[in-house]
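Report on the following structure.
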Amino acid sequence: MTDISSKIPHICVLATGGTIAGMAGSATRHEYLPGQISIEDWLGRVAEFGLPVKLIGTQIANIGSEDIGPDTWTALQTSINAAMADEGIDGIVVTHGTDTAEETAFLLDLVLPARKPVVIVGAMRPADAVGSDGMRNFVNAVRVASDAGALGRGVVLVMGDRVLAARDARKVRTRGTDDAFRGFPRGSIGLVTPSALEWFGNPWRQDEPARYAYSGDLPEVPILYIGAGMSADLVDRILPNDPLGIIVAGVGEGNMPKAIRERLVELAKAGLIVVRASRVDEGLVDREPEDDSNGFIAARALNPQKSRILLQLLLAKKEGDLNAIQTAFDNP
Ligand code: DAS
């Protein structure tokens, strides 16, 4: 890849919808519709800033990210792999809703080679709202995607002037533009504004191949969110037919009522992969001695929704070795 600092960067923009492309119809309304602005219209608005980049837009979808899943992920994987193979493209920006941006970022980080910058970006307020953050976030994302410092950091998410690694990024607030997303356990790996970009720490994935194959077929893996006093009956009710795995969003460090634990131990002995994650936002779940006898996996720093993505990819490649699965969770 040519040194992108020596020429006008060419950035591939893949639009999927979300609030960044949303309109409320009034600057002060709370309700809005996501995915109202086409990528052509959006790039026309960006052109007014005279950014020293060439932006090539593709509309992948135009939906709220609550509706994004394997179909959109497959389309993004195909388009990003094509952009990575195209010598004329220096980086990729994906515009996306914020509700599931962390899952799309994490899945792409796991199934794409770390060859060119890939930046996921969204907005907390629609384009016509007072204090809309979308255009600033987008200009920041283009700056990151155009910077050689982004190489070797896998897929990153840019929101609120922060650069977060896909494995760390989480939406932690439903409102507000500066701190709706945070990184755990590594925090921000960079700070970016339309006029400056600063990286922290060193790259960790220099030109690595994709770590997991992805064809769009992922086995269903439910997440059992534990509440105090929850009945063990729910375990079997939440499982699909022929279940392969389950994520437990446990209390504290991945704990659960005794009766639920006992039922899951029975299912683990019958081959179900059980991952103990935590409902606590910044919840590290390390292995405990009983995990060996129970046959459980500890999610470590992954929240339940990211644990689900990783387990789905492991199950899709028919990984059944508990040690290999735990190693994957230890080093996502
Ligand atoms: N509209 C929701 C979504 O698409 C929220 C957002 O975009 O911020 O995720």
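Within 12 Å, Cβ to Cβ, of ALA268, how many net charges do the neighbouring residues add up to if Lys/Arg are +1 and Asp/Glu are -1? Each step should come with its number before you reach the end.
Numbers: positive: ARG261, ARG263, LYS269, ARG276; negative: GLU262, GLU266, GLU290, ASP291, ASP292.
So the environment of ALA268 carries a net charge of -1.
I want the local charge near ARG211. Using Cβ-Cβ distances under 10 Å, sum +1 for each Lys or Arg and -1 for each Asp or Glu among the other residues. Display every interim value, and only then the final one.
Numbers: positive: ARG205; negative: ASP109, GLU208.
Here the charged neighbours net out to -1.
Mind scanning LYS269/LYS318; LYS54/LYS171; LYS116/LYS317; LYS171/LYS306 and naming the pairs with a C-alpha gap bigger than 20 Å? Can you show the working numbers first?
Working: LYS269/LYS318 17 Å; LYS54/LYS171 30 Å; LYS116/LYS317 25 Å; LYS171/LYS306 12 Å.
Pairs exceeding the cut-off: LYS54/LYS171; LYS116/LYS317.
Output wanted: per-residue J couplings in Hz (rounded whole) for region 36-49, from phi through Karplus 6.51 cos²θ - 1.76 cosθ + 1.60, θ = phi - 60°, x for Gly and Pro.
9, 9, 6, 5, 5, 4, 4, 5, x, 5, 5, 4, 5, 7
Tell me which residues come under 5 Å, amide H to amide H, from ALA169 once H is placed; ignore anything under 5 positions away on its chain.
Amide H neighbours of ALA169, under 5 Å, 5+ apart: PHE184.
Out of LEU107, LEU244, LEU51, any idea which swings most in a Gaussian network model of the chain, alpha carbons joined below 10 Å?
Top of the fluctuation ranking is LEU51.
Stretched out fully, how many nm does the piece from ASP242 to ASN323 gain, at 0.36 nm a residue minus the Cα gap?
Numbers: separation 81, 0.36 × 81 = 29.16 nm, distance 2.24 nm.
Contour length minus Cα-Cα distance gives 26.9 nm.
In degrees between 0 and 90, to the nearest 10, how far off the longest principal axis of the chain does helix 101-111 point, with axes built from Cα atoms?
Computed tilt is about 80 degrees.
Which residues make up the longest stretch of the chain that has no chymotrypsin sites (Phe, Trp or Tyr not before Pro) in a DSSP loop with at most 14 other Cβ atoms within 10 Å?
Values: sites that count: PHE49, PHE200, TRP204.
Longest stretch, sites excluded: 50-199.
Please report, largest first and rounded to whole Å, the three semi-axes of the ellipsoid equivalent to the chain, where each semi-axis is the square root of five times an eigenvalue of the C-alpha gyration tensor. Could the numbers behind the result be given before it?
Numbers: eigenvalues 259, 94, 60 Å².
Three semi-axes, in Å: 36, 22, 17.
Can you work out the Karplus-derived ³J(HN,Hα) for every residue in region 171-183? Use 6.51 cos²θ - 1.76 cosθ + 1.60 with θ = phi - 60°, whole Hz, and x for glycine or proline.
7, 10, 9, 8, 10, x, 10, 7, 9, 6, 10, 9, x
Using θ = phi - 60° and the Karplus curve 6.51 cos²θ - 1.76 cosθ + 1.60, what whole-Hz ³J(HN,Hα) does each residue of region 153-159 get, with Gly and Pro shown as x?
Calculated HN-Hα couplings, in order: 10, x, 6, 10, 10, 10, 8 Hz.
Would you pull out the residues with amide H under 5 Å of MET159's amide H, same chain only if 5 or more places away, H placed 1.01 Å from N?
Here LEU164 satisfy the definition.
Trypsin sites (Lys or Arg not before Pro), restricted to region 277-332: which are DSSP loop and have at most 13 other Cβ atoms within 10 Å?
Details: sites: ARG279, ARG287, ARG300, LYS306, ARG308, LYS317, LYS318; in loops: ARG279, ARG287, LYS317, LYS318.
Here the trypsin sites (Lys or Arg not before Pro) that fit, given the DSSP loop and packing criteria, are LYS317, LYS318.
Label region 26-124 by shape, choosing from rounded, prolate and oblate, from the square roots a ≥ b ≥ c of the eigenvalues of the Cα gyration tensor; if a/c is under 1.5 it is rounded, and otherwise prolate applies when a/b is larger than b/c, oblate when it is not.
Taking the square roots of the gyration eigenvalues as a ≥ b ≥ c, region 26-124 is oblate.
Given points 7 Å out from each Cα along the Cα-Cβ axis, report the LEU284 to ALA232 separation in nanometres with one decimal.
In this crude spin-label approximation the distance works out to 3.2 nm.
Any chance you could run the full-extension gain for LEU191 through THR58? It's 0.36 nm times the residue separation minus the Cα-Cα distance, nm to one decimal. Each step should come with its number before you reach the end.
On the way: separation 133, 0.36 × 133 = 47.88 nm, distance 2.70 nm.
Stretched out fully, the LEU191 to THR58 stretch lengthens by 45.2 nm.
Kindly provide the helix-only [θ] at 222 nm of the chain, computed as the sum of -39,500 (n - 2.57) over DSSP H runs of four or more divided by all residues, to the nearest 500 deg cm²/dmol?
Numbers: 9 runs with 94 residues, N = 332.
Calculated at 222 nm, the ellipticity per residue is -8500 deg cm²/dmol.
Please report the antiparallel percentage of DSSP beta bridges with both residues in region 212-304, rounded to the nearest 5.
Working: 2 of 14 bridges.
Antiparallel bridges make up about 15 percent of those DSSP assigns within region 212-304.
Test of understanding: what is the full-extension gain from ALA47 to GLU266, defined as 0.36 nm times their sequence separation minus their Cα-Cα distance?
Working: separation 219, 0.36 × 219 = 78.84 nm, distance 5.95 nm.
Residue separation times 0.36 nm, minus the Cα-Cα distance, leaves 72.9 nm.
Please list the three semi-axes, largest first and in whole Å, of the ellipsoid equivalent to region 140-185, using sqrt of 5 times the eigenvalues of its alpha carbon gyration tensor. Before the final figure, lay out the partial values.
On the way: eigenvalues 79, 32, 7 Å².
Three semi-axes, in Å: 20, 13, 6.
Using the Cα atoms of region 274-332, I'd like the radius of gyration and the largest Cα-Cα distance, Dmax, both in angstrom.
Reported Rg and Dmax, both Å: 10.7, 30.
Rule-based calculations on the coordinates, nothing more; no lab input. Note that the coordinates shown come from a computational prediction; the quantities given were computed from them, not determined experimentally. Please note: Cβ atoms are built from the backbone with ideal geometry, for glycine as well, and neighbour counts cover all protein chains shown.
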